[in-house]
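These notes are about the structure you will find just below.
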Amino acid sequence: MNFSRQANPYLLDRNGQNFVFAQAQALKEMLSQPRMAVYIREANGDPELAFRLYRWNIILSESLLMPFHFLEVALRNRLSDLLFARTNVNWPMVAFGDRSWQQNINPIPGFPATPQWEIEKTRNKLNGNSRRVVTADCIISQMMFGFWVKLFNADYDQFLWTGGVHPKVFPHAPANVDRNYARRKLEELRIMRNRIAHHEIIFTKRPVATNDLLEEICDWMDPDLHHLVRTTSDFRKVNGGRPQ
């Protein structure tokens, strides 16, 4: 990414024409007064600086999407492999919520009904919308990040974590990383990921700590993944370009 477009606060198009936000009443109304109020406060009442902060917050959010991408894809693949190992069945295709259980028999013994219901809903949605054959990989790729994070809850201690979290999911994690510690850290990331997805302000929510945690958990999974994220992400450069 060419950071020069972020470093200059006023050049908003490729022609390099200046844009004066203070005069753009319609745009201010579209963005809404409550939304801009947060940035106005951060800018000590300066509308131009507030808008530059608004743009910077968008770019800062964008810079975290790549680390989140690698973390989420790697984590869900590790967890799906663990589920295949624990269930010994093609779990994305045979999971059903308890409302669909035949004679009230759990199709995947030990796997609670709630996550199975989420899988079933995702599978049904794909079957209804797709003209292609829906495979296990299709379903895995469509499960929300929150689904994978919830697998670290205490409800899954016996089903998933009797051997700890290190061998299959976080082979390079420090010894103190148990299921509960991993759950708390992943929940922090889930909350920030949702803030980004809902276009919320993030530069006041410790984004540096988020980036550090993303890199740390990638390192738990594979040092090469950590190296890829660390050397590809623009986060540090963008974070250092806060408008003044």
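The values are calculated or read from the model by the stated rules, or taken from the named source; none is laboratory data. Given the structure is predicted, the values throughout are model-derived calculations rather than measurements. Because the Cβ atoms are built from the backbone with ideal geometry, glycine has one as well, and the counts that use them run over all protein chains shown. Heavy atoms of the whole protein, side chains included, go into the accessibility calculation; ligands, DNA and RNA do not. Shrake-Rupley method; radii C 1.70, N 1.55, O 1.52, S 1.80 Å.
Out of curiosity, is Leu151 closer than 22 Å to Ile217 by Cα and either in contact with a Cys (Cβ under 9 Å, 6 or more places away or on another chain) or surrounded by fewer than 12 Cβ atoms within 10 Å (Cβ to Cβ) (or both)? For Leu151, the condition - closer than 22 Å to Ile217 by Cα and either in contact with a Cys (Cβ under 9 Å, 6 or more places away or on another chain) or surrounded by fewer than 12 Cβ atoms within 10 Å (Cβ to Cβ) (or both) - is not met.
Of all residues in the range 201-239, those satisfying the criterion of being more than 12 Å from Ile59 (Cα to Cα) and outside any helix (DSSP H, G or I) are Thr204, Lys205, Arg206, Asp222, Ser233.
If you take just the helices (runs of 4 or more DSSP H) that sit entirely in the range 113-194, which of them hold at least 1 residues that are on the phi < 0 side of the Ramachandran plot and under 21 Å from the mean Cα position of the chain (by Cα)? I'd like the intermediate steps shown before the answer.
Working: elements: 113-129, 136-142, 145-150, 157-160.
Because the criterion is at least 1 residues that are on the phi < 0 side of the Ramachandran plot and under 21 Å from the mean Cα position of the chain (by Cα), the helices (runs of 4 or more DSSP H) in the range 113-194 that meet it are 113-129, 136-142, 145-150.
Exactly one residue out of Leu31, Leu64 is open to solvent by less than 50 Å² (accessible area, probe 1.4 Å), among the aliphatic types (A, V, I, L, M) and modelled with pLDDT under 90, and it is Leu31. Exactly one condition in (1) surrounded by 16 or more Cβ atoms within 10 Å (Cβ to Cβ); (2) within 26 Å of Leu186 (Cα to Cα) is false for Val134; which is it? So the condition that Val134 fails would be (2). Count of the range 39-58 residues, restricted to those that are in a helix (DSSP H, G or I), at pLDDT 90 or above and touching a Phe, Trp or Tyr at 6+ places or on another chain (Cβ under 9 Å), is 6. With Ala182, Ala209, Ala175, Ala197 as the choices, which residue is of a type outside the set (Phe, Trp, Tyr), more than 18 Å from Met144 (Cα to Cα) and at pLDDT 95 or above? Testing whether each residue is of a type outside the set (Phe, Trp, Tyr), more than 18 Å from Met144 (Cα to Cα) and at pLDDT 95 or above leaves just Ala209.
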